[in-house]
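Input: a single structure, listed below in C-alpha cells.
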Amino acid sequence: MKRIKNVKSPLLILIACILFMGCSKSSDPSPTTSASVPDVFKKMYGATSVTTDGTYITIKTNGLPDHTSVYYATNNTLYENFSGATYANYTFSKNPNVISSQTLTFKIPLNPAVASNHAATPMGPIGVSINGIPFFNQYAAGGNPVSNEIAGFDQWWGHPQQSGQYHYHVEPKYLTTVKASKSALLGFLLDGFPVYGPLENGKTLVTSDLDTYHGHTGVTTEYPNGIYHYHISADAPYLNGSGFYGTAGTVTQ
Ligand SMILES: [Zn+2]
Ligand SMILES: [Zn+2]
C-alpha cells in the first residue's frame with residue numbers, strides 16, 4: 001500500500017499542475033457570466049462581468065486594451081513603439097495621454113427597441129466593444145470632427161483621452177484583423193443594438209449603404225431572425241450617424 005501511495009502522489013501533483021496551468025494560461029480577464037445572459041454576450045471577452053436583471057444587461061470593464069499600444073506607459077508589457085499603418089495614411093502624431101485603468105459600467109437594454117426620438121450620441125462612451133473598450137462617436141472634444149484626432153490613433157486605431165480612457169472612434173483594427181474579423185460582431189451601442197464590422201456577405205459597406213443612424217435591419221450570425229444593427233465603415237461618420245436607433249441605456253464611470 002505504502003509503495004503505491006508514493007508512486008501516486010507525484011502523479012497527482014503533476015496532474016494538478018497541468019490542470020492549473022491550463023486554467024491560468026489565458027491572459028484575457030475571464031468574464032463572470034450569469035446563466036440568464038443570452039449567449040451573444042459571451043462574445044464580450046474583455047468584460048470583467050456580464051450580468052442581467054431581466055431588463056438590462058450590465059457589462060463592466062476596466063477599459064484596458066488587450067493589445068499593444070504606444071499609449072501604454074513605457075514600463076507596461078503591452079507598450080510598443082508605433083509601427084504599421086496609421087488610419088487613412090495620416091502621418092502619426094502621438095498625443096500626450098497615457099492609458100489608465102477605468103471603472104466602466106454599461107447598462108444596455110436586454111431587448112433593444114426602436115426609439116421615437118433618436119437621441120444624439122453623447123461625448124464619451126456610446127457603446128462597448130467585445131474587448132471592453134468604449135466606442136466613441138465621430139466627434140472629437142468640443143464637437144470638432146474626429147479627423148482632427150486621427151493622426152494620433154495608434155497601430156490598432158484607438159487612442160486615450162485626457163484621463164487615460166482608451167477608445168475607438170473608427171474600426172477597431174485589432175478586433176477586425178486579429179481577434180475576430182471584418183464581418184464579426186464587434187460590440188454594442190448603449191441602445192443594445194449590436195455593432196458589426198464593415199464586411200457583410202462579401203461586400204464592404206460604406207455609409208451610403210446604411211440609414212441615417214449608420215445601420216439597417218437584417219439577419220446576422222448571432223441574430224438569425226434578424227435585428228437592427230450598426231456597421232462600422234471606413235468613411236465618416238464611421239460608426240454612428242444622427243443618434244441612436246433605439247432607446248439608449250446608461251454608462252457610469
Ligand atoms: Zn478620441
Ligand atoms: Zn448588416
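The values are calculated or read from the model by the stated rules, or taken from the named source; none is laboratory data. Quick caveat: nothing in here was measured; it's all calculated off a predicted structure. Cβ coordinates were reconstructed from backbone atoms using ideal geometry, including for glycine residues, and neighbour counts include every protein chain displayed.
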Conditions: (1) under 20 Å from the mean Cα position of the chain (by Cα); (2) at pLDDT 95 or above; (3) in a loop (DSSP other than H, G, I, E, B). Thr77 meets all but one. Number of the miss? (1)
Which listed residue, of Gly246, Gly192, is on the phi < 0 side of the Ramachandran plot, touching a residue at least 24 places away in the same chain (Cβ under 8 Å) and crowded, with 20+ Cβ neighbours inside 10 Å: Gly246
Filter pass, Asn117 being part of a loop (DSSP other than H, G, I, E, B), among the polar types (S, T, N, Q) and under 23 Å from Ser83 (Cβ atoms): no
Determine the pairs where a residue that is touching a residue at least 60 places away in the same chain (Cβ under 8 Å) and closer than 10 Å to His229 by Cα, located within region 195-217, has a partner that is of a type in the set (S, T, N, Q) and more than 16 Å from ligand 1 (Cβ to nearest atom) with Cβ atoms under 7 Å apart, the partner being 6 or more residues away or on another chain. Tyr213/Ser242
Per the filter on region 161-189, residues buried (at least 22 other Cβ atoms within 10 Å of the Cβ) and hydrophobic (A, V, I, L, M, F, W, C) are Val170, Leu175, Leu185, Leu186, Phe188, Leu189
Filter region 83-109 for residues that are loosely packed, with under 14 Cβ neighbours inside 10 Å, on the phi < 0 side of the Ramachandran plot and over 21 Å from the mean Cα position of the chain (by Cα) and give the result. Ser83, Thr91, Ser93, Lys94, Pro96
Residues of region 136-146 classified as part of a helix (DSSP H, G or I) and within 11 Å of ligand 1 (Cβ to nearest atom), total: 2
Here are some conditions: (1) closer than 23 Å to Thr48 by Cα; (2) assigned to a loop (DSSP other than H, G, I, E, B); (3) within 16 Å of ligand 2 (Cβ to nearest atom); (4) not aliphatic (A, V, I, L, M). Gly124 meets all but one. Which one does it not meet? (3)
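Yes or no, residue by residue, for (1) part of a loop (DSSP other than H, G, I, E, B); (2) modelled with pLDDT of 95 or more:
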{"position": "Arg3", "(1), (2)": "no, no"}
{"position": "Lys8", "(1), (2)": "no, no"}
{"position": "Ala16", "(1), (2)": "no, no"}
{"position": "Leu19", "(1), (2)": "no, no"}
{"position": "Cys23", "(1), (2)": "no, no"}
{"position": "Ser30", "(1), (2)": "yes, no"}
{"position": "Phe41", "(1), (2)": "no, yes"}
{"position": "Ala85", "(1), (2)": "yes, no"}
Test: residue in region 89-105 that is at pLDDT below 95, farther than 21 Å from Asn131 by Cα and β-branched (Val, Ile, Thr): yes
Residue check, Pro112 part of a loop (DSSP other than H, G, I, E, B), surrounded by 13 or more Cβ atoms within 10 Å (Cβ to Cβ) and either on the phi > 0 side of the Ramachandran plot or modelled with pLDDT of 95 or more (or both): yes
Scope region 135-187; condition small (Gly, Ala, Ser), on the phi < 0 side of the Ramachandran plot and within 14 Å of the chain's Cα centre (by Cα); matching residues: Gly158, Ala180, Ser181, Ala184
For region 147-156, name all the residues that are away from ligand 1 (no atom under 11 Å from the Cβ) and either at pLDDT 95 or above or buried (at least 19 other Cβ atoms within 10 Å of the Cβ) (or both). Asp154, Gln155, Trp156
